[in-house]
Amino acid sequence: MRDLALTDMERLGAFDEAERTFLMTEEAFRVFYELTARPVRVYLARMTGDDRLADDLLQDTYYRFLRSNAAFENDDHRRHYLFRIATNLVHDHRRRPLFEVPATAAVEATAASPAEPHTAERAAQRIDLSRALDLLKPRERSMLWLAYAQGWSHEEIAASLGVKTGSLKSMLFRARHRLAVLLKNPGGRS
């Protein structure tokens, strides 16, 4: 039985490795999680159109964040890195040949939900917006979501998506234009 037990030196080595892996204290992580989990979860749900998948990707996002051992300049840098991980996970998921649930079904179920009273017109507008967003490319959808739902600056979005700020401005302009065309002509593509 003694052969299976870890020696004190082995336990210390494992502890040192674990401490190096998780650079945040439990309390610091708890505060960071409380501040960022909801926006990241909403972002993932919007990007995937699937609440269950968003929950899974949220867990994976924080796991990869903790395992990254990245050094951060400030809290904004940490938050942008977290969104970048989330974005990459969505892209990785889309590359896999898996069954995909359409995002419009989730929005229609939410719009029909009695939890929050909406007028029929408001629900129809939300469904139209969801369908139009579904027709956009994933990167366009990400840019628009981060800009208008999260209120990020061009610099923050560029850092999160890994593009240059100058490029992002023109890409965001084209995405807004494409979304406007899709909203004016719901059945057609731009």
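The values are calculated or read from the model by the stated rules, or taken from the named source; none is laboratory data. Nothing here was measured: the structure is a model prediction, and the numbers come from that model. Please note: Cβ atoms are built from the backbone with ideal geometry, for glycine as well, and neighbour counts cover all protein chains shown.
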Among the residues that make up the range 40-53, is at least one of them part of a helix (DSSP H, G or I), among the β-branched types (Val, Ile, Thr), at pLDDT below 90 and surrounded by 14 or more Cβ atoms within 10 Å (Cβ to Cβ)? yes
List pairs: first residue in the range 154-177 and more than 26 Å from residue 65 (Cβ to Cβ), second residue surrounded by 13 or more Cβ atoms within 10 Å (Cβ to Cβ) anywhere in the structure, Cβ distance under 6 angstrom, at least six positions apart or on different chains. 169/154; 175/140; 175/143; 175/144
Counting only residues that are more than 24 Å from residue 139 (Cα to Cα) and surrounded by 14 or more Cβ atoms within 10 Å (Cβ to Cβ), the range 24-39 contains a total of 4
Mind listing whichever residues of the range 169-181 are of a type in the set (Gly, Ala, Ser) and surrounded by 13 or more Cβ atoms within 10 Å (Cβ to Cβ)? 175
Please go through the range 56-75 and give me each residue that is surrounded by 13 or more Cβ atoms within 10 Å (Cβ to Cβ) and either closer than 15 Å to residue 143 by Cα or not aliphatic (A, V, I, L, M) (or both), ordered by number. 56, 60, 61, 62, 64, 65, 68, 72
Filter the range 131-168 for residues that are surrounded by fewer than 14 Cβ atoms within 10 Å (Cβ to Cβ) and charged (D, E, K, R); the one that is farthest from residue 80 (Cα to Cα) is 137
Among the residues of the range 141-160, is any more than 24 Å from residue 38 (Cα to Cα) and modelled with pLDDT of 80 or more? no
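Here is a yes/no grid of residues against (1) on the phi > 0 side of the Ramachandran plot; (2) modelled with pLDDT of 80 or more; (3) not charged (D, E, K, R):
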site: 11; (1), (2), (3): no, no, no
site: 69; (1), (2), (3): yes, no, yes
site: 77; (1), (2), (3): no, yes, yes
site: 92; (1), (2), (3): no, yes, no
site: 105; (1), (2), (3): no, no, yes
